[in-house]
Amino acid sequence: MKVLVIGAGNMGLTYAEGMSKSKLLKKKNIMVLDKSEEKLEELQQMSHFDAFSELKDCVPQADLIFIAVKPYHAEGVFKAIKPLVNSQQILVSIMAGVTIASIKEITGLTKIVRAMPNLPAQIGKGLTSYVISSDVSRIEMLTVESLLDTTGKSIQVKNENFIDASTGISGSGPAYVFYFMQSMMEAAKQMGFSKEDSTVLVRQTFTGAIELFNQSNLSPDSWMERVASKGGTTRAALDSMDDNNVNELIKDAAFAAFNRAVELGKEY
Ligand SMILES: NC(=O)c1ccc[n+]([C@@H]2O[C@H](COP(=O)([O-])OP(=O)(O)OC[C@H]3O[C@@H](n4cnc5c(N)ncnc54)[C@H](OP(=O)(O)O)[C@@H]3O)[C@@H](O)[C@H]2O)c1
């Protein structure tokens, strides 16, 4: 199988590197195309994959075309590849808000996978949710899934509404975690810790809590019960969060991202 990645930015390169490291594909079967001269030089130096600047030189030989340009460049790329594609090719798009219907309409292709990754994909710890169009066979779906899994884990969702929903949870989610970390670091500094110590306190607390969660079958609720005893310090903090409706505010934030993803979907 030959894979072509169009757009060698943060995400495109993340997937190209993930596929190349995974040994699922041989180096000669990973093609990467970008329009900028600077990027092309960088790609040629990397030597993990074949670099291209012209669609006509790589699109026709690809079995799977992976598109990772910004959403506002999507239409231009779709129009440009249209005369070069054939009906057996699979197109995987990771572009936020770009719908399967619009991809089909402009490219004429019918085997479409729409995926939504997140930032930790860059270190192999990502979560990609994806949905397939009805023309994608089970075997093709499994192939695409194994390629997406080279950057972490993936889950298949029922329809595109769940892609927008997963944008609100896993897509934008890393920023919610950073937000919480930032607040805790600020609290530590207000208590008198240095910037360095505040960072260590918070980083190790998050790492430890996540490891505990990963190594057990307990829910976050059960862990909170274990940590918080009646009349104790943790209970005081959790009560303060409940009194301030923090739980509802976090859910509102996730829905704000979900709703924005739906809105963006109407733009492209
Ligand atoms: N970053 C994330 O965490 C994340 C998460 C979920 C989804 N996504 C999606 O991933 C996609 C890519 O995001 P990114 O952050 O990787 O963007 P990026 O770093 O800007 O990468 C896009 C690359 O594509 C190139 N490009 C633009 N038009 C092209 C064309 N016609 N042909 C070939 N290459 C072209 C760009 O070159 P120029 O810079 O010269 O324009 C750039 O090198 C976006 O659609 C985004 O919605 C990203």
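Examine segment 173-187 for a residue that is within 23 Å of ALA115 (Cβ to Cβ), at pLDDT 95 or above and hydroxyl-bearing (Ser, Thr, Tyr), and state whether such a residue exists.
Yes; the residues of segment 173-187 include at least one that is within 23 Å of ALA115 (Cβ to Cβ), at pLDDT 95 or above and hydroxyl-bearing (Ser, Thr, Tyr).
Exactly one condition in (1) away from the ligand (no atom under 15 Å from the Cβ); (2) under 24 Å from HIS73 (Cα atoms); (3) under 12 Å from the mean Cα position of the chain (by Cα) is false for MET116; which is it?
Result: MET116 fails condition (1) only.
Would segment 190-207 turn up any residue that is in contact (Cβ under 8 Å) with a residue 24 or more places away in the chain and either open to solvent by 60 Å² or more (accessible area, probe 1.4 Å) or out of contact with any Lys or Arg (no Cβ under 9 Å at 6 or more places or on another chain) (or both)?
There is at least one residue in segment 190-207 that is in contact (Cβ under 8 Å) with a residue 24 or more places away in the chain and either open to solvent by 60 Å² or more (accessible area, probe 1.4 Å) or out of contact with any Lys or Arg (no Cβ under 9 Å at 6 or more places or on another chain) (or both).
Go through (1) within 16 Å of the ligand (Cβ to nearest atom); (2) over 15 Å from the mean Cα position of the chain (by Cα); (3) not in a helix (DSSP H, G or I) for SER134 and report which single condition fails.
Result: SER134 fails condition (1) only.
Pairs only if they're at least six apart or on different chains, beta carbon under 6 angstrom, first in segment 253-268 and closer than 9 Å to THR167 by Cβ, second open to solvent by 50 Å² or more (accessible area, probe 1.4 Å); list them, first residue then second.
none
Collect the residues in segment 20-47 that are in contact with a strand residue (DSSP E or B) (Cβ under 7 Å, 6 or more places away or on another chain), more than 15 Å from the ligand (Cβ to nearest atom) and open to solvent by less than 80 Å² (accessible area, probe 1.4 Å), keeping them in residue-number order.
If the condition is that a residue be in contact with a strand residue (DSSP E or B) (Cβ under 7 Å, 6 or more places away or on another chain), more than 15 Å from the ligand (Cβ to nearest atom) and open to solvent by less than 80 Å² (accessible area, probe 1.4 Å), then SER20, LEU25, ASN29, ILE30 are the ones that fit.
Restricting the search to segment 1-59, which residues are in a helix (DSSP H, G or I) and of a type in the set (A, V, I, L, M, F, W, C)?
Of the residues in segment 1-59, the ones in a helix (DSSP H, G or I) are 10-22, 27-29, 37-46, 55-57, 59.
Answer for segment 1-59, where residues must be in a helix (DSSP H, G or I) and of a type in the set (A, V, I, L, M, F, W, C): MET11, LEU13, ALA16, MET19, LEU40, LEU43, MET46, LEU55, VAL59.
Looking for whichever is more than 27 Å from ASN214 (Cβ to Cβ), crowded, with 16+ Cβ neighbours inside 10 Å and touching a Ser or Thr at 6+ places or on another chain (Cβ under 7 Å) here; the options are SER133, SER154, SER170, SER166. Which one fits? Show your work before the answer.
Values: SER154 fails: more than 27 Å from ASN214 (Cβ to Cβ); SER170 fails: more than 27 Å from ASN214 (Cβ to Cβ); SER166 fails: more than 27 Å from ASN214 (Cβ to Cβ).
Criteria check complete, one pass: SER133.
Say we look at segment 91-112 and pick out the residues that are open to solvent by 10 Å² or more (accessible area, probe 1.4 Å) and either under 15 Å from VAL3 (Cβ atoms) or without any contact (Cβ under 8 Å) to a residue 12 or more places away in the chain (or both); which of these is nearest to the ligand (Cβ to nearest atom)? Lay out the reasoning, then the answer.
Within segment 91-112, the first condition is being open to solvent by 10 Å² or more (accessible area, probe 1.4 Å), and the residues that meet it are 94, 96, 99-102, 104-106, 108, 110-111.
When the remaining residues are screened for being either under 15 Å from VAL3 (Cβ atoms) or without any contact (Cβ under 8 Å) to a residue 12 or more places away in the chain (or both), the result is 94, 101, 105, 111.
On the way: ILE94: 5, ALA101: 17, GLU105: 18, LYS111: 20 Å.
Result: ILE94.
The values are calculated or read from the model by the stated rules, or taken from the named source; none is laboratory data. Predicted, not measured: the structure shown is a model, and the values here were computed from it. So basically every Cβ, Gly included, is an ideal-geometry build from the backbone, and we count neighbours across all protein chains shown. Quick note on the areas: whole protein, heavy atoms, side chains included, nothing else; ligands and nucleic acids left out. Shrake-Rupley method; radii C 1.70, N 1.55, O 1.52, S 1.80 Å.
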